[in-house]
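Trainee: Let me give you the structure first, and then I'll get to my questions.
The values are calculated or read from the model by the stated rules, or taken from the named source; none is laboratory data. Keep in mind the model is a prediction, meaning the values are calculated, not measured. Counting neighbours? That spans all protein chains shown, and the Cβs are built from the backbone with ideal geometry, glycine included. Side chains are part of the model used for accessible areas, which takes the heavy atoms of the whole protein and leaves out ligands, DNA and RNA. Shrake-Rupley method; radii C 1.70, N 1.55, O 1.52, S 1.80 Å.
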Amino acid sequence: MKAAKNLVQETLAQSQNPCFTCSFQAEDVVVLHLLLKEKPEIPVLFLDTGYHFPEVYAYRDEMQRRLGFRLVNLVPELSREEQESRYGRLYETDPHRCCQIRKVEPLFRALEAHDTWFTGLRREQSPTRAGLQPVEEALLPSGHRLRKVSPLYDWTLKEVFAYLAVEDLPYLPLYDQGYLSIGCAPCTAKPLDPNDPRSGRWAGKGKLECGIHLHGKEG
């Protein structure tokens, strides 16, 4: 925990305009808590795709009331209804495009204003994240570069929940139902492989990432 705290402190001291992307999964709440201790006004970016579980929206609002952070809801240019009217259920027919419209594009637009991007990524989460470094460079399609910082890069899920318990922070109720990686409701199931928390995401579609973490040096 000390290393994560030190990384947060050191990075914030070197940043002019940091932000944090938060899906309100357990690891994100740990990073959020660490950040708020150092910089209470940091913008907390939430990708409001319109497809989240009702429990996620309720928990997001509960945590905002509890911790009082600066919540920034990022929405796509098309509403859920407009997208489905125009393209049908993209999450079924073309999940890559759905993620591009509802997650990647809104986030990358928002990141243009920042020089540092904190995440809750962990190596243990997926084979695609096994080589994750605590500090990396993110390169946006526009050419804008920023630091991407993952303070919990080497934490286990057990350590994440231990932190929440010690700090008396509630976690998303969906974990108690057996979910280990939680995204949009139509594309999230309980893990197919207990050793791969993200194996329940986009099940059967050969997809493990939405695209926001596959760019620049990572892509």
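Trainee: Place a +1 charge on the Cβ of each Lys and Arg in the chain and a -1 charge on the Cβ of each Asp and Glu, then give the dipole magnitude about the Cα centre in debye, rounded to the nearest 20.
Mentor: Working: 28 positive and 30 negative charges, 46 e Å.
Here the chain has a charge dipole of around 220 debye.
Trainee: Enumerate the aspartates and glutamates that residue 148 could reach by cross-link, defined here as Cα to Cα under 15 Å, with residues fewer than 8 away along the same chain left out.
Mentor: Partners within reach: 10, 28, 112, 115, 136, 137, 218.
Trainee: Something else: To the nearest 0.05, how large is the calculated FRET efficiency for residue 66 and residue 158 if R₀ is 22 Å and r is the Cβ-Cβ distance? Before the final figure, lay out each step's value.
Mentor: Working: r = 24 Å, r/R0 = 1.07.
Step by step, r from the Cβ atoms, then E = 0.40.
Trainee: Using Cα-only point scatterers and the Debye equation, what is log10 of I(q)/I(0) for the stretch 35-164 at each q in 0.17 Å⁻¹, rounded to two decimals?
Mentor: For the requested q values the scattering log ratios are -1.20.
Trainee: Rank these residues by their accessible area, most exposed first, probe 1.4 Å: 1, 63.
Mentor: Details: 1 110, 63 0 Å².
Listed by decreasing accessible area, they come as 1, 63.
Trainee: Which entries in 39/190; 2/103; 37/190; 103/190 show an alpha-carbon gap greater than 30 Å?
Mentor: On the way: 39/190 35 Å; 2/103 32 Å; 37/190 33 Å; 103/190 21 Å.
The pairs that break the limit, which is 30 Å between Cα atoms, are 39/190; 2/103; 37/190.
Trainee: Turning to a different aspect of this structure: To the nearest µm²/s, what D does Stokes-Einstein give for the stretch 6-53 at 4 °C and 1.567 mPa s, using the Kirkwood radius over alpha carbon pairs as Rh? Provide the component values of the computation, followed by the final result.
Mentor: Numbers: Rh = 11.6 Å.
Once the numbers are plugged in, D ends up at 111 µm²/s.
Trainee: For the stretch 59-115, list log₁₀ I(q)/I(0) at each q in 0.18, 0.29 Å⁻¹, using the Debye formula over Cα point scatterers of equal strength and ignoring solvent, two decimals each.
Mentor: So the normalised log intensities work out to -0.76, -1.07.
Trainee: Over the chain, with a single point scatterer placed on each C-alpha, what log10 of the ratio I(q)/I(0) does the Debye formula yield at q = 0.08, 0.11, 0.16 1/Å?
Mentor: Each listed q corresponds, in turn, to -0.26, -0.51, -1.18.
Trainee: Also: Return the inverse of the average 1/r over all pairs of distinct C-alpha atoms in the stretch 1-112, which is the Kirkwood hydrodynamic radius, in Å to one decimal. Before the final figure, lay out the partial values.
Mentor: Numbers: mean 1/r = 0.0647 Å⁻¹.
After inverting the pairwise mean of 1/r, the radius is 15.4 Å.
Trainee: Moving on to the next point. Subtract the Cα-Cα distance of residue 57 and residue 86 from 0.36 nm times their separation in residues, and report this length gain in nm to one decimal.
Mentor: Numbers: separation 29, 0.36 × 29 = 10.44 nm, distance 2.54 nm.
Extra length from residue 57 to residue 86 when fully extended: 7.9 nm.
Trainee: Let me ask something else about it. Say the dipole of the stretch 1-109 comes from +1 at the beta carbon of Lys and Arg and -1 at that of Asp and Glu; which of 13, 79, 90 then lies farthest toward its positive end?
Mentor: 13
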